[in-house]
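Step one of this worksheet: look at the structure below.
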C-alpha cells in the first residue's frame, strides 16, 4: 500500500436535507431504498483555491439530489446533500491534474456522502439509503475536451452540468 498522489486535505458538509416521503412504502427489513425508482442527479463544481503555502489546491463541490419520480411515491425520501473538499494534487501529472482532481475528488466525496446518508437513515422511518455505485469519468472527459477545443493546456475552473445518474432498468421476466 502507498499513499495517493491526490490528497484530501479537508472536507465539510455544506448542505443536508432529508425528508421522509410519508406516502412511500418503507424499505423492507434488510434492504436499502431502490435508486432505480428514484429521480437521482448530481452536480460537480471545481476550481482553484488559494492556500497559505502557495501550492496548487483545488476545491470540488459535490451535490446530490434524490426523491421520488414526478407524481410517484416510489422512493422513501427527498434528499439533498452537498459536500466540499479541498484537494492537493501537486504530485499528479500537470497535463491531467485538473480532470484527475475533479473526478477522483468527486468520487472521494461521494463515498463520504454514502456513509453519511446510510448512518442518518439507518433508523429513519423510510428505511436505510445506501447510494448506488456511480462513476464521474464523464466529467473529466468533458473538462479535457473543452480544454482541447479551446487550444489551452490550462483547464479552466468550471461547474458541471447536472447529470442524472440512474441505474439501468431491470428487464421483467415474461
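Coordinate-derived values only; no laboratory data. All figures in this text were calculated on a predicted structure; none of them were measured in a lab. Neighbour counts are summed over all protein chains in view; Cβ atoms, including those assigned to glycine, are modelled from backbone coordinates with ideal geometry.
For segment 35-116, the alpha carbon convex hull comes to 105 Å³ per residue, rounded to a whole number.
Please report 143, 116, 108, 1 as a ranked list, fewest other C-beta atoms within 10 angstrom at the top and most at the bottom. Provide the component values of the computation, followed by the final result.
Values: 143 24, 116 16, 108 19, 1 2.
So the residues, fewest neighbours to most, are 1, 116, 108, 143.
Using the Cβ-Cβ distance between residue 29 and residue 112 with R0 set to 25 Å, the FRET efficiency works out to roughly 0.40. The mean sequence distance of close C-alpha pairs (under 8 Å, at least 6 residues apart), as a share of the length of the chain, puts its relative contact order at 29 percent. Footprinting exposure proxy ranking of 110, 11, fewest other C-beta atoms within 10 angstrom first, gives 11, 110. As a proxy for reagent exposure, ranking 75, 35, 136 by other Cβ atoms within 10 Å from fewest up yields 35, 136, 75.
On a per residue basis, the convex hull of the C-alpha atoms belonging to the chain measures out at 164 Å³.
Relative to the first principal axis of the alpha-carbon coordinates of the chain, what is the inclination of helix 97-121, with its axis defined by its Cα atoms, in degrees from 0 to 90 and to the nearest 10? Helix 97-121 sits at roughly 30 degrees to that axis.
For segment 88-151, the fraction of C-alpha pairs farther apart than 17 angstrom is 54 percent.
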